[in-house]
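What follows is a single structure, written as structure tokens, with notes after it.
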There are 2 protein chains.
Amino acid sequence: MDLRARLTRLLGAENLKFSAEDTARYLTDHRRLYTGKALAVAMPRDVPQVSALLAWCNDAGIGVVPQGGNTGYCGGATPDESGTQVVLSLERLARIRSVDADAQTMVAEAGCVLAQVQGAAASAGCLFPLSLGSEGSCQIGGNLATNAGGTAVLRYGMTRDLTLGLEAVLADGSVVSNLSGLRKDNTGYDLTGLLVGSEGTLGVITAACLKLYPQPRSRACAWIALRDARAAVELLAGLRGALGDRVTTCELVPHVALELVLRHIPEARDPGLSPAAWYLLVEVTAVEEADLDASLERVLAAAAERGIVLDAALARSERQREDFWRLRESVPEAQRAAGGSLKHDVSVPVARVPELIERGAAHVATLAPEGFLVAYGHAGDGNLHFNVNQRPGADAAAFRSRESALKRAIHDLVAEMGGSFSAEHGIGRLKVEELERYAAPSELAAMRAIKHALDPRGILNPGKVLRAARERP
Amino acid sequence: MDLRARLTRLLGAENLKFSAEDTARYLTDHRRLYTGKALAVAMPRDVPQVSALLAWCNDAGIGVVPQGGNTGYCGGATPDESGTQVVLSLERLARIRSVDADAQTMVAEAGCVLAQVQGAAASAGCLFPLSLGSEGSCQIGGNLATNAGGTAVLRYGMTRDLTLGLEAVLADGSVVSNLSGLRKDNTGYDLTGLLVGSEGTLGVITAACLKLYPQPRSRACAWIALRDARAAVELLAGLRGALGDRVTTCELVPHVALELVLRHIPEARDPGLSPAAWYLLVEVTAVEEADLDASLERVLAAAAERGIVLDAALARSERQREDFWRLRESVPEAQRAAGGSLKHDVSVPVARVPELIERGAAHVATLAPEGFLVAYGHAGDGNLHFNVNQRPGADAAAFRSRESALKRAIHDLVAEMGGSFSAEHGIGRLKVEELERYAAPSELAAMRAIKHALDPRGILNPGKVLRAARERP
């Protein structure tokens with residue numbers, strides 16, 4: 001009996017896709033960097049089916065590629081070109097199992113779309129704070145597997161920080177489960193934290209117990225024109241000094257990105273500030289009733305006096321707030337509309353963001369003259385999407401040929417600055433060699449030992465994060 | 001050459017203790033449950049010495065028992081009785097390497113006393129929020145190794161949540177280091193989170209990059225007489241609904257504990273409330289200037305109207321605040337002064353704390369008639385120290401003989417309630433069999449695989465957290 005027939009006997013034909021037409025959308029990543037082949041796309045309906053599939057694949061030595069909303073930036077959910085791997089889509093495990101407003105916890109299955117998780121929390125009067133551009137299609141299982149970041153990390157942390165426990169299937173089909181939502185539980189090693197961010201290479205997350213927070217009752221939002229990039233760091237310090245953890249969002253947008261957005265995104269509205277090289281989107285929230293507009297205005301007025309802030313607009317309505325957010329959230333789409341781009345998802349200590357911009361810009365000018373820098377993102381966390389767009393009319397092939405040298409220069413720069421070449425997007429397939437280059441040999445050895453311990457046959461997302469010894473040069 | 005001579009050649013005589021007199025205090029745990037023997041107590045002065053020691057012990061197959069302030073409750077830092085293990089004291093690695101108020105980070109070596117870490121943060125105008133009874137003598141390395149909890153977990157999380165990165169020496173002497181303080185760094189597996197809470201069984205933590213927070217400018221503190229234990233949960237919900245994360249501390253103290261404290265602690269001052277079976281110590285803080293007394297009073301007044309709160313006193317001075325805190329912090333000392341006790345460090349979902357108290361009390365009455373319940377602690381996190389003190393005049397041997405049956409009943413109860421038999425104190429040596437009993441076989445297998453992967457010769461804190469296969473029955 002061939003493998004597909006055996007898989008069909010295991011899971012049922014209704015839970016498998018084989019045809020080119022049915023499987024196509026599972027075989028190419030969001031950025032279209034990779035297109036693979038697969039033995040099958042499996043869509044189990046419950047945890048026992050996931051367990052049965054993994055046990056069978058482990059016995060047969062068949063690679064399994066877990067996939068959520070397939071919105072990742074690093075090819076972590078795409079099978080290789082061999083056609084021997086099984087894509088394991090979690091999309092049918094899409095139930096919110098429970099929401100407990102008193103305990104401030106929710107148990108959600110891996111296939112729940114992030115917006116669905118946010119909505120279930122809101123229906124219970126709570127907040128699930130993870131928020132990112134793809135929230136309408138990414139799945140919480142993928143957010144967990146990649147330890148997703150987003151626009152509220154400053155206040156609430158990364159996905160790992162929002163996770164109280166997991167249910168996951170290990171390589172041999174055994175299930176580990178810790179969904180009780182305890183706030184304190186020191187019983188052995190932190191398997192939850194280890195699985196979060198392991199990109200499906202140590203286990204397949206099937207559900208999570210997530211932390212909820214009280215919904216803010218007060219909110220203020222401003223679009224701010226800055227003196228320069230350094231002003232972003234100074235203003236953030238002032239905001240946090242005055243408002244502490246009420247500062248939820250601090251996103252940096254360069255003028256060039258605002259221009260792209262206004263040009264390419266029909267719904268985008270110019271906030272009408274005096275032009276500046278850099279803008280900041282700031283949001284401040286509080287659980288209690290508070291006049292946050294007044295608090296935010298005070299900080300901005302003081303910053304304006306010191307020359308840090310050139311101009312600022314406070315959102316006076318929910319609609320205006322959405323307008324400000326659209327300017328930030330539309331940058332990736334505007335970049336796509338504007339043509340090819342080279343992307344770097346990097347972080348440095350927050351205070352060094354301006355230095356990163358300055359020194360990185362010099363590399364762009366030298367190494368990618370066909371491009372222009374569009375560095376934007378989560379300045380409050382020290383994380384910039386240090387992207388470079390092709391200049392209009394420039395030669396596309398020449399521009400693309402710059403990728404490798406520019407990547408090396410930018411990644412070397414952040415390494416020298418104590419930063420990271422992968423702040424929030426993960427390693428996937430795209431950055432395996434970068435990890436080998438920049439991680440210390442002792443750390444790589446420890447990671448490889450853990451990988452081998454939990455997945456001795458190497459069936460879990462092969463070639464992602466870490467390569468097997470035989471694949472390394 | 002014998003082992004001690006070889007050790008002396010490796011580290012120098014000035015960094016080793018051999019004599020019974022010099023080593024005694026390293027060989028007995030804080031609770032005097034265990035007294036071991038040691039080949040030597042090693043006190044390395046720097047990371048290369050720690051590395052050299054581990055590499056040598058790994059080659060020689062010699063067990064290493066890392067030790068911090070030796071204040072643990074589970075015997076995790078005590079060597080066994082064989083006399084073949086080396087105690088590795090981190091006390092000479094006691095330097096604050098850096099404090100960065102702008103980045104809100106600090107790099108502290110493992111041997112820094114927690115109070116020293118708190119003080120270094122305060123000197124820079126920041127807060128390091130980890131706070132626990134033994135903060136004057138416990139060391140941050142031990143806090144990290146045990147993922148310590150304490151009285152501010154409600155607001156700031158456990159030690160793992162306060163850790164941005166580690167420097168640690170692995171079993172083979174290799175060093176992993178991630179002290180750059182990045183807020184976002186998705187480059188491979190979370191070795192930091194894995195090492196935190198692993199109690200020295202996966203690596204020896206030598207330094208950590210810790211998260212700092214802005215120092216609160218406003219604070220309110222109250223000692224509250226409750227209708228009953230259930231009222232604690234209701235009041236906490238009200239407090240968090242009104243004040244969100246400004247609620248920093250929510251500690252439950254039964255009347256019987258207050259009585260013990262007033263009887264045995266000379267400095268203790270009766271807050272003078274109408275007597276109640278249960279009291280709550282609540283503290284609320286804010287970064288900004290705010291009238292938190294008024295906010296707290298509003299919530300308490302509303303709770304009093306609903307009959308949840310019987311009486312309450314707000315601290316009107318720093319001295320009165322310290323008085324309230326002393327009542328809570330002195331419970332362990334008062335318990336010790338009152339005689340023998342049986343301890344359980346358990347957690348349940350917060351809403352089930354009253355049920356735990358009720359059902360647990362019934363077990364105490366039945367299974368330990370020579371004792372009385374003193375259940376107190378971190379109600380806001382669902383974590384109670386479910387302790388039982390010997391009644392005055394009761395037979396001590398009879399009381400002690402109840403330990404095993406009572407432990408089984410309490411731990412079975414919390415397991416049935418979705419709770420944990422080890423909330424914040426860890427496993428150490430004391431709870432190895434409990435972990436084997438209550439953890440799922442799949443989780444134990446995963447933990448053992450990780451242990452074997454990172455410490456294949458089993459030299460790191462042997463017999464703690466997990467037993468080697470040959471030691472299991």
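The values are calculated or read from the model by the stated rules, or taken from the named source; none is laboratory data. Remember, it's a predicted structure, so these values are computed and weren't measured experimentally. Every residue, glycine as well, gets a Cβ built from its backbone with ideal geometry; the counts of neighbours run over all protein chains shown. We work out accessible area using only protein heavy atoms, side chains counted, and drop any ligands, DNA or RNA first. Shrake-Rupley method; radii C 1.70, N 1.55, O 1.52, S 1.80 Å.
Out of curiosity, is B:Leu164 open to solvent by 10 Å² or more (accessible area, probe 1.4 Å), in contact (Cβ under 8 Å) with a residue 12 or more places away in the chain, more than 16 Å from the chain's Cα centre (by Cα) and under 30 Å from A:Pro214 (Cα atoms)?
Taking the combined requirement at face value, the residue satisfies it.
Selection within the stretch B:4-20: residues that are open to solvent by 20 Å² or more (accessible area, probe 1.4 Å) and part of a loop (DSSP other than H, G, I, E, B). The member of this set that is farthest from B:Gly339 (Cα to Cα) is B:Phe18.
Scanning the stretch B:269-279 for any residue that is touching a residue at least 40 places away in the same chain (Cβ under 8 Å), in a strand (DSSP E or B) and within 24 Å of B:Gly150 (Cβ to Cβ) turns up at least one such residue.
When restricted to residues that are of a type in the set (Val, Ile, Thr) and open to solvent by 10 Å² or more (accessible area, probe 1.4 Å), the stretch A:124-150 contains 1.
When A:Gly193, A:Gly181 are checked against the criterion of being on the phi > 0 side of the Ramachandran plot and either out of contact with any Pro (no Cβ under 7 Å at 6 or more places or on another chain) or not acidic (Asp, Glu) (or both), a single residue qualifies: A:Gly181. Those helices (runs of 4 or more DSSP H) of the stretch A:343-448 in which at least 3 residues are in contact with a strand residue (DSSP E or B) (Cβ under 7 Å, 6 or more places away or on another chain) and buried (at least 19 other Cβ atoms within 10 Å of the Cβ), considering only elements entirely within it, cover A:353-367, A:403-416.
Scanning the stretch A:169-210 for residues that are in contact with a Phe, Trp or Tyr (Cβ under 8 Å, 6 or more places away or on another chain) and of a type in the set (Lys, Arg) turns up nothing.
Conditions (1) under 30 Å from B:His385 (Cα atoms); (2) within 7 Å of chain B (Cβ to nearest Cβ); (3) open to solvent by less than 20 Å² (accessible area, probe 1.4 Å); (4) touching a Pro at 6+ places or on another chain (Cβ under 7 Å), marked per residue:
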position: A:Thr201; (1), (2), (3), (4): no, no, yes, no
position: A:Lys211; (1), (2), (3), (4): yes, no, no, no
position: A:Val247; (1), (2), (3), (4): no, no, yes, no
position: A:Arg269; (1), (2), (3), (4): no, no, no, no
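Give the residue that is least open to solvent (accessible area, probe 1.4 Å), with candidates limited to residues of the stretch A:249-265 that are out of contact with any Ser or Thr (no Cβ under 7 Å at 6 or more places or on another chain) and β-branched (Val, Ile, Thr). Restricting to residues being out of contact with any Ser or Thr (no Cβ under 7 Å at 6 or more places or on another chain) and β-branched (Val, Ile, Thr), the top hit is A:Val253. Cβ-Cβ contacts under 7 Å between residues 6 or more apart (or on different chains), taken from a first residue in the stretch A:339-353 that is away from chain B (no Cβ under 13 Å) and more than 16 Å from B:Gln104 (Cα to Cα) to a second residue that is surrounded by fewer than 20 Cβ atoms within 10 Å (Cβ to Cβ) and among the aliphatic types (A, V, I, L, M), are listed as A:Gly340/A:Ala396. Residues that are of a type outside the set (Gly, Ala, Ser) and assigned to a loop (DSSP other than H, G, I, E, B) within the stretch B:191-207 comprise B:Val196, B:Glu199, B:Thr201, B:Leu202, listed in sequence order. Scanning the stretch B:151-190 for residues that are under 19 Å from B:Leu114 (Cα atoms), facing chain A (nearest Cβ under 10 Å) and in a loop (DSSP other than H, G, I, E, B) turns up B:Gly157, B:Met158, B:Leu179. Residues in the stretch B:140-160 that are of a type outside the set (Gly, Ala, Ser) and free of Cβ contacts under 8 Å to residues at least 24 places away in the same chain: 0 in all. Residue pairs whose Cβ atoms lie under 8 Å apart, sitting 6 or more positions apart in sequence or on different chains, and linking a residue in the stretch A:399-418 that is within 13 Å of A:Val364 (Cβ to Cβ) to a partner that is among the polar types (S, T, N, Q) and buried (at least 17 other Cβ atoms within 10 Å of the Cβ), are A:Phe399/A:Gln390.
Does A:Val374 count as more than 8 Å from chain B (Cβ to nearest Cβ) and either under 30 Å from A:Leu280 (Cα atoms) or among the acidic types (Asp, Glu) (or both)?
Values: more than 8 Å from chain B (Cβ to nearest Cβ): yes; either under 30 Å from A:Leu280 (Cα atoms) or among the acidic types (Asp, Glu) (or both): yes.
It is true that A:Val374 is more than 8 Å from chain B (Cβ to nearest Cβ) and either under 30 Å from A:Leu280 (Cα atoms) or among the acidic types (Asp, Glu) (or both).
Among the candidates A:Gly69, A:Gly76, the residue that is within 14 Å of chain B (Cβ to nearest Cβ) and either in contact with a His (Cβ under 6 Å, 6 or more places away or on another chain) or within 30 Å of A:Asn387 (Cα to Cα) (or both) is uniquely A:Gly76.
State all residues of the stretch B:104-139 that are of a type in the set (S, T, N, Q), closer than 23 Å to A:Gly244 by Cβ and in contact (Cβ under 8 Å) with a residue 24 or more places away in the chain; if no residue qualifies, say none.
Residues of the stretch B:104-139 that are of a type in the set (S, T, N, Q), as a first pass: B:104-105, B:116, B:118, B:123, B:131, B:134, B:137, B:139.
After this cut, where a residue has to be closer than 23 Å to A:Gly244 by Cβ as well, the list is B:104-105, B:118, B:123, B:131.
Across the stretch B:104-139, the qualifying residues are B:Gln104, B:Thr105, B:Ser123.
Of all residues in the stretch B:125-150, those being of a type in the set (Gly, Ala, Ser), part of a loop (DSSP other than H, G, I, E, B) and over 16 Å from B:Thr248 (Cβ atoms) number 6. Against the conditions (1) farther than 27 Å from A:Glu443 by Cα; (2) free of Cβ contacts under 8 Å to residues at least 60 places away in the same chain; (3) touching a Ser or Thr at 6+ places or on another chain (Cβ under 6 Å); (4) at the interface with chain A (Cβ under 8 Å from one of its Cβ atoms), B:Ala439 satisfies every one except (3). Of the residues making up the stretch B:247-266, just one is among the charged types (D, E, K, R) and without any contact (Cβ under 8 Å) to a residue 60 or more places away in the chain, namely B:Glu259. Considering every residue within the stretch A:219-235, establish whether at least one is modelled with pLDDT under 95, open to solvent by 40 Å² or more (accessible area, probe 1.4 Å) and either over 21 Å from B:Ala101 (Cα atoms) or among the polar types (S, T, N, Q) (or both). The answer is no; no qualifying residue exists.
Pairing residues of the stretch A:1-15 that are farther than 15 Å from A:Cys57 by Cα with residues that are among the charged types (D, E, K, R), at Cβ distances under 8 Å and at least 6 apart in sequence or on separate chains, gives A:Met1/A:Arg9; A:Asn15/A:Arg45; A:Asn15/A:Arg92.
Go through the residues of the stretch B:268-290 one by one and say whether even a single one is farther than 25 Å from A:Ala290 by Cβ and of a type in the set (Val, Ile, Thr). Checked the stretch B:268-290: no residue is farther than 25 Å from A:Ala290 by Cβ and of a type in the set (Val, Ile, Thr). Taken over the stretch A:355-398, the residue count meeting the criterion of being in contact (Cβ under 8 Å) with a residue 60 or more places away in the chain and farther than 25 Å from A:Leu236 by Cβ is 2. Identify all residues within the stretch B:299-326 that are loosely packed, with under 14 Cβ neighbours inside 10 Å, of a type in the set (D, E, K, R) and over 23 Å from B:Ala152 (Cβ atoms); write none if there are none. Residues satisfying the conditions are B:Glu305, B:Arg306.
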